[in-house]
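Q: Below: one structure in structure tokens.
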């Protein structure tokens, strides 16, 4: 699947995912650290707020404690009349603005043996100093917690907050300190002094504590009762446990226990008012074990961090898009030439060399403005060079193919001409054979005639030698001889004519041989042009030339023989002429000199000898004719060989044609730019 | 490579076959009055008028004898980049054989004749020495222009 995606996609995916991973790690780390720093800051701030608040509360509480402890010391050491005590009490309440009201209560009969109850009380009811004597049986202070608790515990105690008994919705807390009578080297419980502290100022104090928008602080007593809380419905009416119970909030209950136990901590929880995520810092009040809680709304103190993170995320997203755009641009600029090169290579593969070359040139033109030397450029140069090489090879092949085809056509023409020449030569040879046969026949006839002549001569000689008789017979014989003479001359003339016929044939043969030589020369030249493909044909052409040379040599032989024959015939003609004239002379002499018979016999004998010469000439002629016949047969053989060579030559030409066709069909796949 | 052999006087010369178009028999040529030395005349070669040089006349001063083996060799002497072929005929005696040779068989003659730049390298075969003739250099450039102009005009006529 991925392998089919483009390089651009793969590159973008790879880089974007790597960068995203790095961003995520950096962002996560940054968020974690900043959150921790903020948390630490918040905890520190919570501690400061809590400490400041606690200190302000404790300052008030301690000042009240000092007052009460001072009163107890005073009351313990001073045995004074009741009126003085009341006056003292009044002065204390008047001079201490923090003190709402104060009591000095004595155990029955410890102040004076006749005084059972003594419990004067001053308070600032509605801002007016009011005296109430609580020392009566109806109130019976001896059973109230503010009296019994310090008595039984032998130590000073802060009471739980409560609503004022004497009317008004003032929340009070009371600090009770026991005092003792130092007698008989021991101390005996004598009574309790108390001071009431109004908690109205706590409202103002807690209202002034502002933590972010919705954060707040609250105070609970050591029983869990809300003393101060922004929700007025809870104050003095609910405890932290009752709220936890109502809301089925286990965490709140646990927190309440820890707070009541006087622990200090910083924990996450839900806000009681808004139910949002908060962090609670709680710490105890050292003086009376109350616990202060400070709530920090998480969303608000984390707002800055979250805003920072949002900005970082937006910047990251913008950065991603910019990066993606840059990557795509870069990748495109790399892959675009590659795509074009691929198209060019595909064009080469499909044989469209023209298109490929055009693409390569377009690329070169586009790249001409930029000075880049990279792998793409080298690839493009390599492909361009390859295309040019292919083009030149293809066009060269095309040209060679055309050249070879043209050569082949010329060779075909030459072969046809050669074939007709050979056929013509064979016809000429046949004609020459027939002519030589005629010569042979004529010569034989001549020989027969000569035999007859010889016989006649012999008869003449016999007649003469026999001393026979009548010259008339002799004359007749001589006359018959005379008659034979033109016949011989005619036969010789015929021979001469046939000889010139042979000469013509020989001339034809020589011309044909010459033509063959010329054709074989042209064939050799064409074969040489055809190069490797013409080698076989070149051998055939030289073989044909050799045969043509042999033909020429044979023709030369025939020419020589005919010349010899002509010489022989001329000799024969001369002899016959000579014989004729001598016969005439003899005839005249027979007429004139009948007695010169012996000379006639001699002459007749001489004639006989001359006939022998003629006969020999005739035989030479006959032999010559036979030799011509043999030469003709040899020529016939040569013509056959030539014919065989021609058919072999044709086969070679066809092979060459097939090879060229194959080559051209292979090359035709490639189209060269026009 | 192939060398077409011819004879002039007693010596044998050769023409390289690669530029040869065809060897034709001796035919009657149109005589050109006041033709330059060594020019035999004009030949009608398949409808094209081709000037014919007599190599025998050029090499020995004696015109070629009319023999069957005396033939006219048609050579393409056009330069490499020429669009149309320039054909020149060479008349020579005893044009009857070819020799197969390699370039390294040739040796430099060692004699450069100023008037005859067409005389090339020499090779030895089984019979005698053969000197290669450069057909393109047979006619000087100036005369070539005249000659081909002549041929062209003749063709137009």
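What follows is calculated from the coordinates using simple rules that are stated; it is not laboratory data. Please read all numbers here as calculations on a predicted model, not as lab measurements. Don't worry about glycine lacking a Cβ; one is built from the backbone with ideal geometry, like all the others, and counts go over all protein chains shown.
Q: Mind checking which residues of region B:1-28 are assigned to a loop (DSSP other than H, G, I, E, B), more than 9 Å from chain A (Cβ to nearest Cβ) and in contact (Cβ under 8 Å) with a residue 24 or more places away in the chain?
A: Result: B:9, B:26, B:27.
Q: Please go through region B:29-49 and pick out each residue that is within 14 Å of chain A (Cβ to nearest Cβ) and outside any loop (DSSP other than H, G, I, E, B).
A: The one that is within 14 Å of chain A (Cβ to nearest Cβ) and outside any loop (DSSP other than H, G, I, E, B): B:45.
Q: While we're looking at this one, here's another question. Six or more apart or on different chains, Cβ under 6 Å: which pairs go from a residue in region A:513-526 that's facing another protein chain (nearest Cβ under 7 Å) to one that's part of a helix (DSSP H, G or I)? Could you list them?
A: Short answer, once both residue conditions are applied: A:517/A:545; A:517/A:548; A:522/A:414; A:524/A:538; A:524/A:541; A:525/B:17.
Q: In addition: Mind checking which residues of region A:129-150 are within 17 Å of residue A:86 (Cβ to Cβ), without any contact (Cβ under 8 Å) to a residue 40 or more places away in the chain and outside any helix (DSSP H, G or I)?
A: Hits for region A:129-150 are A:129, A:130, A:132, A:133, A:134, A:135, A:136, A:139.
Q: Continuing with this model, one more query. Residues in region B:62-75: is at least one without any contact (Cβ under 8 Å) to a residue 40 or more places away in the chain and over 30 Å from residue A:546 (Cα atoms)?
A: There is no residue in region B:62-75 that is without any contact (Cβ under 8 Å) to a residue 40 or more places away in the chain and over 30 Å from residue A:546 (Cα atoms).
Q: Residues that are without any contact (Cβ under 8 Å) to a residue 24 or more places away in the chain and within 24 Å of residue A:186 (Cα to Cα): does region A:84-106 have at least one?
A: No: region A:84-106 contains no residue that is without any contact (Cβ under 8 Å) to a residue 24 or more places away in the chain and within 24 Å of residue A:186 (Cα to Cα).
Q: Okay, moving on. Tell me yes or no: at least one residue of region A:541-563 is within 13 Å of another protein chain (Cβ to nearest Cβ), within 19 Å of residue A:423 (Cβ to Cβ) and within 60 Å of the chain's Cα centre (by Cα).
A: Taking every residue of region A:541-563 in turn, at least one turns out to be within 13 Å of another protein chain (Cβ to nearest Cβ), within 19 Å of residue A:423 (Cβ to Cβ) and within 60 Å of the chain's Cα centre (by Cα).
Q: I would also like to ask the following. From A:317, A:244, grab the single residue that is in contact with a helix residue (DSSP H, G or I) (Cβ under 7 Å, 6 or more places away or on another chain), in a helix (DSSP H, G or I) and without any contact (Cβ under 8 Å) to a residue 40 or more places away in the chain.
A: Every option except A:244 fails the conditions.
Q: Going through B:11, B:81, B:16 one at a time, which residue ends up being within 28 Å of residue A:539 (Cα to Cα) and loosely packed, with under 14 Cβ neighbours inside 10 Å?
A: Selected residue: B:11, the only one of B:11, B:81, B:16 that is within 28 Å of residue A:539 (Cα to Cα) and loosely packed, with under 14 Cβ neighbours inside 10 Å.
Q: I've got another one for you. Among the residues of region B:58-90, count how many are touching a strand residue (DSSP E or B) at 6+ places or on another chain (Cβ under 8 Å), more than 14 Å from every other protein chain (Cβ to nearest Cβ) and closer than 30 Å to residue A:553 by Cβ.
A: The number of residues fulfilling the criteria is 6.
Q: Next up: Quick one: residue B:105 ticks every box in (1) more than 11 Å from every other protein chain (Cβ to nearest Cβ); (2) in contact with a strand residue (DSSP E or B) (Cβ under 8 Å, 6 or more places away or on another chain); (3) more than 19 Å from residue B:119 (Cβ to Cβ) except a single one, so which number is it?
A: All conditions are met except number (3).
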